[in-house]
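A.B. asks: I have a structure here, written as structure tokens, and I will follow up with some questions on it.
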Amino acid sequence: MQHLHHERRLSPHTLSNYTRDLQRLHDWCRDQGVSDWRALTQHQV
């Protein structure tokens, strides 16, 4: 996230939204038994 904040200068709101979305995806993967990001399909995402 530091790269996005310092290098790309994204707003705190954008960073917060990215964090929230990735956490939701992580939780969904855990609930579905997906333990490897590479196992995700385009449809799942």
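The values are calculated or read from the model by the stated rules, or taken from the named source; none is laboratory data. Note that this is a predicted model, so its numbers are computed, not measured. Here the Cβ positions follow ideal geometry from the backbone for every residue, glycine too, while neighbour counts run over all protein chains shown. Note: accessible area is taken over every heavy atom of the protein model, side chains too, but ligands, DNA and RNA are not part of it. Shrake-Rupley method; radii C 1.70, N 1.55, O 1.52, S 1.80 Å.
A.B. asks: LEU10 - would you say it is among the aliphatic types (A, V, I, L, M), surrounded by 10 or more Cβ atoms within 10 Å (Cβ to Cβ) and modelled with pLDDT under 90?
C.D. replies: Values: among the aliphatic types (A, V, I, L, M): yes; surrounded by 10 or more Cβ atoms within 10 Å (Cβ to Cβ): yes; modelled with pLDDT under 90: yes.
For LEU10, the condition - among the aliphatic types (A, V, I, L, M), surrounded by 10 or more Cβ atoms within 10 Å (Cβ to Cβ) and modelled with pLDDT under 90 - is met.
A.B. asks: Also: What is the residue count in region 23-45 for residues that are open to solvent by less than 100 Å² (accessible area, probe 1.4 Å) and assigned to a helix (DSSP H, G or I)?
C.D. replies: Narrowing region 23-45 to residues open to solvent by less than 100 Å² (accessible area, probe 1.4 Å): 23, 25-29, 33-34, 36, 39-41, 44.
Filter again for assigned to a helix (DSSP H, G or I), leaving 23, 25-29, 39.
Within region 23-45, residues that are open to solvent by less than 100 Å² (accessible area, probe 1.4 Å) and assigned to a helix (DSSP H, G or I) number 7.
A.B. asks: Let me ask another. Need pairs with beta-carbon distance below 9 Å; first residue free of Cβ contacts under 8 Å to residues at least 40 places away in the same chain and within region 13-25, second in a helix (DSSP H, G or I) and surrounded by 10 or more Cβ atoms within 10 Å (Cβ to Cβ); sequence gap 6+ or separate chains.
C.D. replies: Final answer for the pair search is THR14/LEU4; LEU15/LEU4; LEU15/HIS5; TYR18/LEU4.
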